[in-house]
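> One structure, pasted below without further comment.
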Amino acid sequence: MSEVGQLLVAGIAIGSVYALVALGFVLIYRATNVVNFAQGDLAMLGAYALLVTLTVFHLPFWLAGLVSLGVMAVVGILFGLGLYYPLRNRGFMPIIVATIGASVLFENGIVAGFGASPHVVTGMFGTGSFHIGSVFVNDQYALLVGILVVVTAFQFWFFEGTLLGKKMQAVSQDKQMALLLGIPVGLMIVITFSYSTALAGLAGVLVSPVLFVSAGLGSGITMNAFAATVIGGFGDVTGAIVGGLVLGLVDTFGGAYISFTYEQGFGMAVVILFLLFRPQGLFGERVAEKA
Amino acid sequence: MKLYPIHGLGRMAIGLVGVGLLVSACGTSSTGGAKSPKTPIEIGAVVGLTGTTSTNGEYELDAMQLAVKQINAKGGVLGRPLYVDSVDSRSTNEGVVAAIDQLGTSPVALVGPDLSSEIGAVESTIKSEGMPDFIGGTLPSLTHEGNPWMLRNRPTDQYFAAALAQLGVVKDGVKSWDVVHTTDSYGTSAAAYFEAQLKTDGGTLADDIGVTSGTSDFTSAISEIKSSSAKGLVTFITLATDNGVFATQLRQLGVTSSSMLWIAAQPTISAPSLQLAGSNLNGVYSVSDYVATATPEATTFAADLETTYSLTADVNAAFAYDAVEIIAAAITKAGSTSHSAVRNAVLALKNFSDAQGPVNFNQYGDGDSTVYIVEIENGAPVYQTTVALPVIPYIAVG
């Protein structure tokens, strides 16, 4: 029983990382119809922002995290204006290719600026942990899951309960109509990029004490986050969260009870099954096209 | 478009440019071409400066630069300075192929790549180019595939496996073992050699767990370890970040030095791995082809690298440093920079002292069989003993 509990904790923890990054995927996709393949590397940039605020400015973790989020929000604005905006009328493929290029640029830029060696950062509670019965829980992972819950609640309130959130929803549903209604579509998209990048940065900040700060941190997360959005339903916010958690649990339990060697393949196998039999994912809507 | 006739000075200028191009095209052959006595001697370096193995690449390149600095300070080789021409392999097979192509045949010798899988990708190119290549991969078959240009100044996985088994099974009497290995070329091969040696020495394999490089969470693997009957754990994990996460989670989930004897293969005691894993590696044993306190040469190298580049010397740095030293010695011995002369001179080196220990190259190009046992104390490897191993004939396993 304790083994199952331990696997459950691990699966939820790693799934929460995927969920946070997947949320950013979904928000950008809904606003622009484009998948941002640099989303994982934006998480990596968030981790390096944390590293700088901790080691250069010696801020406490909570303040360093908030400052890093602010930095990433600005990075998101620049990312949206510098990458998406010039290509917005060229179709989706140039933008996708540009995000892949941005991903490579971020990784190599970090290596050029910080060197190749990974860095250790201490989490919010040091190396603390607690036990639920005999199940070990890393404080940092507990923080991550807790913040995912908070982000989910915030997002629900923001998009359903605020005018700005409803405008952003309107833009994601129908840009033309939103424009006709006087909603500044360009501004809404930039805000979306900023918020999504901050979300990715938040994932990087929270996971870096566990997985270390390194240029390769994001590449491992990107594909799993993308898989999470497919499982949850591309374009669905709830789906991104549930998809991330499902993926984390499938990988962890599959690795434990079938084979750890193929752990990362189990989630991908689930993705393929969804694409074959339920392409709209768990929460997406199937869209039929008229002949 | 109207073409204007070229007269007088214009024709002369074109002629001079043409002659200049013709002259500069000469002397680019690796074995011939008129080079002035002071022409620097090029050593090619194929290192991962970006990507998954970029931590190793940084150490290797700086160590090579240190060796070059020291050799040039003494007057260079044959009165000529050395220099390192490095190309980033991007830690991918495609990147390694591109790097080898980019370096061409002008270097007197190459150092790298250091991953067995990457070496396999360029083996045929090295053979066709006919240039000595000091490889860092420990897969035994790399020097037994009929390619005379592969040279290795590191022990092979056969020697590491023998040392691991001698330490764990023979010395400490632990019979039942779990093996955790990355599923890349190195991890799979090294694990196979250890498991074969285990049988020979009377041990048993309880569980073989393959892990993909870049794994974010090892909880499932550690659950398997905890539920197995093994009293010993051997790990062959390639990447520093994986070693750091694995060591941390292993301790967090209750597997301690007193509950299980853990012997880690040499990638775990690279400087980046030790930094990331911190105190979680205390009490862990390892086998290595470099320890800073094993010999005076090793200690001197460590001190020089720290002073010059603020880096802690490790196996990867030592391999690259020694490769340059061996190349320089071979050129001096051969009195030539031709590829075949340098290669023959390398194979003729006997008891050449370097940071890793004395090297004696055999006909296959393998030169090092010195393996050290270390125990990690306070986050640093502490020399315990040197394993005296007989010559191990090559066998293919797995």
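What follows draws every value from the coordinates through simple rules; no lab data is involved. Treat the numbers as computed from the prediction; the structure is a model and nothing was measured. A quick note on method: Cβ atoms are made from the backbone with ideal geometry, for glycine too, and the neighbour counts reach across all protein chains shown.
> What residues have an amide H closer than 5 Å to that of B:THR385, excluding those fewer than 5 places away on the same chain, when H is modeled at 1.01 Å from N in the peptide plane?
Those qualifying (amide H under 5 Å, at least 5 residues apart or on another chain) are B:ILE373.
> Between B:ASN280, B:THR50, B:ILE237, whose Cα lies farthest towards the positive end of the dipole of chain B when Lys and Arg beta carbons carry +1 and Asp and Glu beta carbons carry -1, centred on the Cα centre?
Checked the options; the winner is B:THR50.
> Right, another one. Can you sort A:VAL210, A:VAL17 so the residue with the fewest Cβ neighbours within 10 Å comes first?
A:VAL210, A:VAL17
> Find which of B:TYR383, A:SER68, B:ALA67 sits farthest along the positive direction of the dipole of the protein assembly as shown, computed with +1 on the beta-carbon of Lys and Arg, -1 on that of Asp and Glu, about the Cα centre.
So the residue furthest toward the plus end is A:SER68.
> So, one more: With θ set to phi - 60° and the Karplus curve 6.51 cos²θ - 1.76 cosθ + 1.60, what are the ³J(HN,Hα) couplings of region A:14-23 in order, to the nearest whole Hz, using x for Gly and Pro?
6, x, 5, 5, 4, 4, 5, 6, 5, 4
> Here's something else I'd like to know. Between B:ASN351 and B:SER176, what is the label-point separation in nm under the 7 Å Cα-to-beta-carbon projection?
4.7
> Listing A:SER2, B:SER228 from the residue with the fewest other Cβ atoms within 10 Å to the one with the most, what is the order?
Taking fewest neighbouring Cβ atoms as first place, the list is A:SER2, B:SER228.
> Only Cα pairs under 8 Å and at least 6 apart count here; give the relative contact order of region A:2-277 as a rounded whole percent.
RCO, region A:2-277: 39 percent.
> So, one more: HN-Hα J couplings of region A:174-179 from phi, Karplus 6.51/-1.76/1.60, θ = phi - 60°, integer Hz, Gly and Pro as x?
7, 5, 4, 5, 4, 4
> Something else now. Over what distance in Å are the Cα centres of region A:222-291 and region B:84-133 separated?
Each part reduced to its Cα centre gives a spacing of 39 Å.
> Give me, ordered by chain and number, the residues 5 or more places off B:ALA109 or on other chains with an amide H under 5 Å from its own placed amide H.
Under 5 Å from the amide H of B:ALA109: B:GLY44.
> Then there is this: Using 0.36 nm per residue, how much length does the chain from A:LEU66 to A:LEU282 gain when fully extended, once their Cα-Cα distance is taken away?
Length difference between fully extended and current span is 74.5 nm.
> On to the next question. Pop out the ³J(HN,Hα) list for region A:141-153 in order, Karplus 6.51 cos²θ - 1.76 cosθ + 1.60 with θ = phi - 60°, rounded to Hz; leave Gly and Pro as x.
Here the 3J(HN,Hα) series is 5, 4, 4, 4, 5, x, 5, 4, 4, 5, 4, 4, 5 Hz.
> Which one of A:PHE125, A:ILE241, A:PRO94 is farthest out on the positive end of the charge dipole of chain A, using unit charges on Cβ (Lys, Arg +1; Asp, Glu -1) and the Cα centre as origin?
Going by the charge dipole, the pick is A:PRO94.
> So how much slack lies between B:VAL97 and B:SER258, counting 0.36 nm per residue of separation and subtracting their Cα-Cα distance, in nm?
53.4 nm
> Between A:VAL120 and A:PHE57, what FRET efficiency follows from the Cβ-Cβ distance if R0 is 22 Å, with the result rounded to 0.05?
0.80
> Would you mind getting me the FRET efficiency between B:ASP85 and B:ALA388? Use the beta-carbon distance for r and R0 = 60 Å, nearest 0.05.
0.95
> Taking H as built 1.01 Å from N, whose amide H comes closer than 5 Å to the amide H of B:VAL47, not counting residues under 5 places away?
Amide H to amide H, under 5 Å and 5 or more residues apart or across chains, B:VAL47 pairs with B:VAL87, B:SER89.
> When a footprinting reagent is the concern and you count Cβ atoms within 10 Å, what order do A:THR99, B:THR212, B:THR138 take, fewest first?
Ranking A:THR99, B:THR212, B:THR138 by Cβ neighbours within 10 Å, fewest first, gives B:THR212, A:THR99, B:THR138.
> Roughly speaking, what is the stretch gain from A:THR127 to A:ILE100, that is 0.36 nm per residue apart minus the C-alpha to C-alpha distance, in nm to one decimal?
So the extension gain works out to 6.2 nm.
> State the dimensionless ratio Rg/Rh of region A:2-277 (Rg: radius of gyration of Cα atoms; Rh: Kirkwood radius).
0.97
> Shifting gears a bit: In debye, nearest 20, what is the charge dipole magnitude of chain B about its Cα centre with +1 on Lys and Arg Cβ and -1 on Asp and Glu Cβ, if you could check?
The dipole of chain B has a size of about 1160 debye.
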